[in-house]
Amino acid sequence: MADIFDKCASWKDYKIAKATGLYPYFRAIQAIHGSTEVEIEGRRVVMAGSNNYLGLASDPRVKEAALSALKRFGTTCSGSRLLNGTLELHEELEARLARFLNREAAVVVSTGFQTNLAAMSALLGRHDVVFSDRANHASLVDGIRLSFGEERKYRHNDMENLESLLAAAKPNAGKLIASDGVFSMEGDLCNLPKIVELAQKYGARVLVDDAHGLGVLGAHGRGTSEYFGLEAQTDVVMGTFSKSFASLGGVLAGPFEVINYIKHKARPIIFSASITPASVASALEALEIVESEPQRRSRLLDIAEKMHNGFRAMGFDTGVSVTPVVPVLIGDQVKCFRFWKALFETGVFANPVIPPAVEPGHALIRTSYMATHTDEQLDRVLDAFERVGRKMGIIPHARPSTYVPVKVARPGSFVRANQASQRWAKTSAGLAAEQGFSLGQLTKLSSREMANKLFDAVETLTWRAANLQPEDLKRLSKTPLRLWERRGEIPGLLLEKGANLFIKNGKQPEA
Amino acid sequence: MAVPAAKMSQREPAPAPSDVTVTPVQSPRDRDAFVLFPYELYRDDPNFVPPLLMERKDFLDPRKNPWFQFGKAALFLARRGGQVVGRIAGVNDPRYNEFHGTRLGAFGMFECADDVRVARALFEAAATWCGAQGFGRMIGPMNFSTNYECSVLVEGFDAPPVVMMAYNPRYYPALYEACGFKKAKDLWAWELSSSVAPPEKVARIAEKVRQREGVVVRAVNMKDFESEVRRVKEIYNSAWEKNWGFVPMTDAEFDHMARELKQLVVPKLLLLAEVKGEPVAFSMTLPDANPALKAAGGRLTRFGLPIGLVKLLLAARRIKRLRLITLGIKEGYRRRGLDAILYLDTLKAARELGYTGGEISWTLEDNHLVNRAIESMGGRKYKTYRIYERAI
C-alpha cells in the first residue's frame with residue numbers, strides 16, 4: 001500500500017541543493033534598511049528582487065496610516081467580507097480604486113493570488129471558454145482549474161495562435177481572453193491592442209492581470225490598459241497591493257454587475273477572512289501617493305533603462321523586458337543557483353528563476369527595482385553582476401564593443417517588448433531543453449538506451465585520453481592545485497555538470 | 001526551416017515532385033545524424049573504411065577544428081519520411097579565394113543515397129547557401145579544402161582507399177553529372193610495389209646529384225618535434241603555392257594536423273633533404289592505417305570496453321602498405337633531382353621496414369613533371385579522383 005507521504009520522503013531536490021549550499025529559498029530577512037537594503041544572515045545586501053516598485057513599503061506616510069487603522073480597528077476583522085468582515089475602510093478603498101481605474105465598481109480581496117482564483121472560478125461557467133497566455137501567472141492558471149470553463153492556451157503573445165483558437169471555438173460559447181499585462185518573469189507586455197481587436201472580432205471579453213503594471217505603467221499609473229490607451233476596451237482589470245501599493249491583497253475592477261456577481265459567488269472571497277485593517281489603510285495611503293507623485297514612476301523607468309543598458313553593455317542578455325523587471329539570462333538552472341549565491345556573497349539579493357517558472361535551459365536571475373534605489377546602490381548591483389558574470393564565464397572578460405540599447409515602456413512610447421536575442425528566443429520557447437538531459441528524459445529511457453549513453457561517454461573519454469598531448473598533460477598536472485584553489489565551488493560545479501541527472505528540469509515526462 | 005526540395009530547384013525546367021526535405025543541421029541530434037549517416041550508407045560496402053566517430057565529430061566542431069577559425073560551413077541533412085537519405089555541407093573558404101583571387105564557393109561532406117532527386121535537393125541547398133555568401137560558382141567536394149580529404153573517386157573502385165583518401169559508391173559521378181556538374185580537375189593515385197627495383201639510370205643520377213649538390217637526407221627527429229614541424233611547414237607552404245587548388249595552411253591548422261599525424265607516423269619515413277644545412281625538401285610517407293581503422297569499425301570502445309582500440313592496435317602491427325602523401329621541394333631547388341633522391345631513400349627505408357608497397361597520391365593530372373617521374377620509378381596509375389564544378 002502506498003503511503004501518501006512517500007513522495008515527500010523521496011524528494012531529493014531539496015537535499016541536494018541544501019547539501020551543496022546552493023539552496024536559495026526562504027531566506028529570512030533579519031533587518032530592513034529603508035527597504036532598498038536588507039540584512040540576511042548577518043550580511044547587508046542591496047535588495048534587487050523586491051516588487052515594491054515605488055518604494056512605498058517603508059514610506060513613513062504609509063506606515064503612519066497603517067498604524068492609525070490598527071489602533072482604530074484592531075489587528076484583524078476575524079471574518080469574511082460577506083458577513084462580519086467588511087469595514088468602512090474596505091468600502092472606501094473599493095470606491096477610491098474604482099474611481100482611480102475609471103470603472104463602475106471594484107472589489108478588494110485578501111491576496112492577489114485569491115483575486116484571480118475568485119475572478120476565474122466565478123466568471124467561467126460550464127460552457128465558457130477561456131483563452132490564456134502560456135506565460136500567465138500561476139494564479140490565473142489555478143483559477144481556471146478551479147472553474148468549470150474550458151481552457152485554451154495560446155503560445156506566449158502569439159496572436160496568430162490566439163486567433164486560430166478563437167476561430168476554432170464554438171461561436172456561441174462565452175469567451176474570455178485572460179492575460180498578464182506585464183509578464184512577471186520576462187518583463188514584456190501583452191499585445192493588448194491586438195487582444196482587444198480579436199476580442200471584438202470574436203465577441204470575447206478581456207481580463208488583464210496587471211499585478212506588475214498598476215502604479216508603474218501609464219502616465220497616471222493605471223497600468224497596461226492606460227499605457228495602450230485601451231481602458232474602455234479592457235473589460236476587467238485585476239491588480240495587487242503587494243507590488244506598487246505597499247500592502248497585501250488584490251483588486252478586481254470592472255462593470256458593476258460583474259463585480260457584484262463575483263463578490264457574491266466567488267468562494268475564494270466569501271470563504272476567506274477579509275484584508276486586515278492595517279493592510280487596507282496602507283493600500284489607501286499608497287494609492288494617494290501613486291496619484292499625487294508621478295515622479296516616482298518616471299524615476300523607476302529611468303532606473304529600468306539604466307539597469308537594462310548597464311547589463312547589456314557588459315554582455316548580459318536581458319531579453320524582451322521593457323519594464324523594471326530586469327531578467328538576466330543564465331541558462332542552466334544549477335549555474336543559476338551558483339550565480340545567485342555568488343551574487344549574494346558580493347552583496348546583492350536577487351531572485352533565481354528556474355523551471356517550471358520558465359522553460360528548461362532558460363533559467364534566469366530576475367532583478368527588479370524600486371524608485372527609491374539610489375544610483376550608488378544601482379552601480380553596486382551592476383558591479384556585482386559584472387564581477388560574478390565574468391568569474392562564471394557568463395559574460396566575456398572584455399565588454400562587447402556594441403550592444404542594442406533597451407526600449408522602456410514610458411508613457412506614450414507604446415513599445416511592448418524588446419527584440420529577443422537568438423539564444424533568448426530559443427531557450428524561452430523551450431528549444432534548449434533537448435540539449436540538457438533531464439531526469440524526465442532519463443526515466444523515459446530504457447536500460448538499453450541508458451547503457452548506450454554510458455558507452456558513448458566511455459568512447460568520448462577514451463578518445464580524449466588517446467589524444468592527450470604533452471601540453472595537455474602539463475595542464476592536467478596543475479589541476480589538483482586549481483581544484484584546491486577553487487575547492488569552495490567544487491560541489492556546485494560537480495552538481496552543475498551532473499545536475500540534470502538529479503534535479504527535474506521542469507518538464508514532466510510526457511505519458 | 002524546412003525547404004521542400006521541389007520548390008528549391010527552380011532553375012530546373014520541370015522539377016520532379018519529391019518528398020525529400022533538406023534542413024540545416026541545428027540541434028546536437030541533427031549533428032549526430034549528420035556524422036552517423038555514412039556508417040549506415042556504406043553498411044554493405046566491403047571497401048568502405050569507417051572513420052572514427054569521435055574524430056569526425058571533432059572535425060565538425062568549430063572549437064576543435066582550426067579550419068573554422070577562418071572558414072565557414074553550413075551542414076544540411078536530406079530526409080525522406082524522417083529517414084536521413086543524404087547530407088552535404090556548404091563551404092566558404094575565404095583563404096582559398098584570397099590566395100587565388102577568386103570568388104568561389106564550395107561544398108563538401110556529400111553523401112547521398114542512389115537517388116538523383118535527393119542529390120539535386122542537396123546540391124540546391126548548398127548552392128543556395130553559397131549564393132547567399134555571394135558566390136557565383138561552386139567547386140567540390142572539399143572537406144573542407146585540398147589540405148584535407150577532397151574529390152570523388154571516379155575510377156578504381158576495386159581497391160579500398162588508403163589513409164586520408166576519399167571513397168564513395170560507384171554511382172556518385174553519375175549523380176554529380178546529372179546535377180549539372182562538370183569536371184574541374186582530376187587527381188591521380190599511383191600504385192607502387194617496393195619489390196620493383198628502381199631503374200638503374202634513376203639511381204645513378206640521384207647518386208650524382210647527391211654528391212654534386214651536397215644533399216643530406218635525414219629522418220625527422222621526433223624528439224625535436226616542434227622545430228621540425230616549423231621546418232616542414234615552411235617547405236610545405238612554399239612548395240605548393242603554384243599548384244591548382246592549393247591553400248596554404250594556417251599555423252593552427254598545420255600544428256593540428258601535425259599533432260594528429262604524430263600518432264601515425266613512422267619517423268624513418270619522414271624525410272628532410274638539406275642542402276648546406278638548409279632544409280629544402282620534404283617527403284612524408286605514412287603507413288596506410290586504413291586496415292586498422294576498418295578493424296576498429298569506427299569506435300575505440302564497444303559496450304564500454306576498449307575492443308575497438310585493441311583491434312586497432314593489433315591490426316596496426318600488420319600494416320604492410322604505405323601512402324606517400326606529400327613530397328615538396330622549395331622553389332629554386334626543383335628540377336635538380338631532389339625528388340628522385342627522396343623517392344629512392346623512402347623506398348629503401350620502406351623495404352628495410354618490411355613494407356610491401358603502397359600508393360602515391362594524389363597528383364594533379366596536369367602536373368606532368370611529377371607524373372612522369374612517378375611513372376619512371378615504376379608507378380602504375382590505378383585510381384582517378386575528380387573535383388567538380390558548376391554555376392550556382
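The values are calculated or read from the model by the stated rules, or taken from the named source; none is laboratory data. Because the structure is predicted, anything quoted here is derived from the model rather than measured. Cβ atoms come from the backbone with ideal geometry, glycine included; neighbour counts cover every protein chain shown. The protein model used for the area step is the full one, side chains on, heavy atoms only, and it has no ligands, DNA or RNA in it. Shrake-Rupley method; radii C 1.70, N 1.55, O 1.52, S 1.80 Å.
The rows are residues; the columns are (1) among the basic types (K, R); (2) under 15 Å from B:T326 (Cα atoms).
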site	(1), (2)
B:R218	yes, no
B:R231	yes, yes
B:N243	no, yes
B:V275	no, no
B:S283	no, yes
B:A296	no, no
B:P306	no, no
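Listed by first and then second residue, the pairs with beta-carbon distance under 6 Å, at least 6 apart or on different chains, first residue in the range B:44-65 and of a type in the set (K, R), second outside any loop (DSSP other than H, G, I, E, B) and open to solvent by less than 30 Å² (accessible area, probe 1.4 Å), are B:R56/B:V35; B:K57/B:V35; B:K64/B:D58. Those residues that are crowded, with 22+ Cβ neighbours inside 10 Å and not in a helix (DSSP H, G or I), I need them from the range A:255-280; list them, please. Matches in the range A:255-280: A:A266, A:S274, A:I275, A:T276. In the condition set (1) part of a helix (DSSP H, G or I); (2) open to solvent by 50 Å² or more (accessible area, probe 1.4 Å); (3) out of contact with any helix residue (DSSP H, G or I) (no Cβ under 9 Å at 6 or more places or on another chain), A:N161 is compliant with all but (2). Which one is most open to solvent (accessible area, probe 1.4 Å), of the residues in the range B:123-149 that are farther than 24 Å from B:M249 by Cβ and without any contact (Cβ under 8 Å) to a residue 40 or more places away in the chain? Step by step, filter the range B:123-149, then rank; the result is B:A132.
Among the residues of the range A:7-33, those that are open to solvent by 80 Å² or more (accessible area, probe 1.4 Å) and part of a helix (DSSP H, G or I) comprise A:K7, A:C8, A:Y14, A:K15, A:K18, A:A19.
Taking the range B:294-307 as the search range and keeping residues that are within 13 Å of chain A (Cβ to nearest Cβ) and either among the aliphatic types (A, V, I, L, M) or open to solvent by less than 20 Å² (accessible area, probe 1.4 Å) (or both), which one is farthest from B:T346 (Cα to Cα)?
In this case the residue turns out to be B:L305.
Only one of B:V116, B:V85 is of a type in the set (A, V, I, L, M) and under 20 Å from B:A166 (Cα atoms); which?
On the way: B:V116 fails: under 20 Å from B:A166 (Cα atoms).
Exactly one of B:V116, B:V85 is of a type in the set (A, V, I, L, M) and under 20 Å from B:A166 (Cα atoms), namely B:V85.
B:P94 falls short of the stated requirement of being touching a Phe, Trp or Tyr at 6+ places or on another chain (Cβ under 9 Å), crowded, with 22+ Cβ neighbours inside 10 Å and either free of Cβ contacts under 8 Å to residues at least 40 places away in the same chain or of a type outside the set (G, A, S) (or both).
Within the range B:245-290, can you find the residues that are in contact with a strand residue (DSSP E or B) (Cβ under 8 Å, 6 or more places away or on another chain) and of a type in the set (S, T, Y)? Within the range B:245-290, B:S283, B:T285 qualify.
Test A:A286 against the stated conditions and say whether it is at pLDDT 95 or above, in the same structural domain as A:E94 (by TED's automatic domain parsing) and surrounded by 20 or more Cβ atoms within 10 Å (Cβ to Cβ). The answer is yes for A:A286. Are any residues in the range B:308-319 open to solvent by 80 Å² or more (accessible area, probe 1.4 Å) and not in a helix (DSSP H, G or I), and if so, which ones? B:R317, B:R318 - these are the residues of the range B:308-319 that are open to solvent by 80 Å² or more (accessible area, probe 1.4 Å) and not in a helix (DSSP H, G or I). Close Cβ contacts (under 9 Å, 6 or more residues apart or on different chains) running from residues in the range A:376-402 that are of a type in the set (D, E, K, R) to residues that are in a loop (DSSP other than H, G, I, E, B) and surrounded by 19 or more Cβ atoms within 10 Å (Cβ to Cβ) comprise A:E386/A:F316; A:E386/A:I395. Considering only residues of the range A:353-397 that are of a type in the set (G, A, S) and not in a helix (DSSP H, G or I), which is surrounded by the fewest Cβ atoms within 10 Å (Cβ to Cβ)? By that ranking, first place goes to A:G393. Checking each residue in the range B:97-109 for being touching a residue at least 40 places away in the same chain (Cβ under 8 Å) and either buried (at least 24 other Cβ atoms within 10 Å of the Cβ) or of a type in the set (A, V, I, L, M, F, W, C) (or both) picks out B:F99, B:G105, B:M109.
I'd like to check something: does the range B:266-281 contain any residue that is touching a residue at least 12 places away in the same chain (Cβ under 8 Å), surrounded by fewer than 16 Cβ atoms within 10 Å (Cβ to Cβ), assigned to a helix (DSSP H, G or I) and touching a Phe, Trp or Tyr at 6+ places or on another chain (Cβ under 9 Å)? No, the range B:266-281 contains no residue that is touching a residue at least 12 places away in the same chain (Cβ under 8 Å), surrounded by fewer than 16 Cβ atoms within 10 Å (Cβ to Cβ), assigned to a helix (DSSP H, G or I) and touching a Phe, Trp or Tyr at 6+ places or on another chain (Cβ under 9 Å).
For the range A:456-511, what are the residues that are outside any helix (DSSP H, G or I), more than 30 Å from the chain's Cα centre (by Cα) and modelled with pLDDT under 70? Write out each step before concluding.
Kept after step one, since they are outside any helix (DSSP H, G or I), are these residues of the range A:456-511: A:467-469, A:478, A:486, A:503-511.
Next, from what is left, pick out any that are more than 30 Å from the chain's Cα centre (by Cα): A:467-469, A:478, A:486.
A:R486 - this is the single residue of the range A:456-511 that is outside any helix (DSSP H, G or I), more than 30 Å from the chain's Cα centre (by Cα) and modelled with pLDDT under 70.
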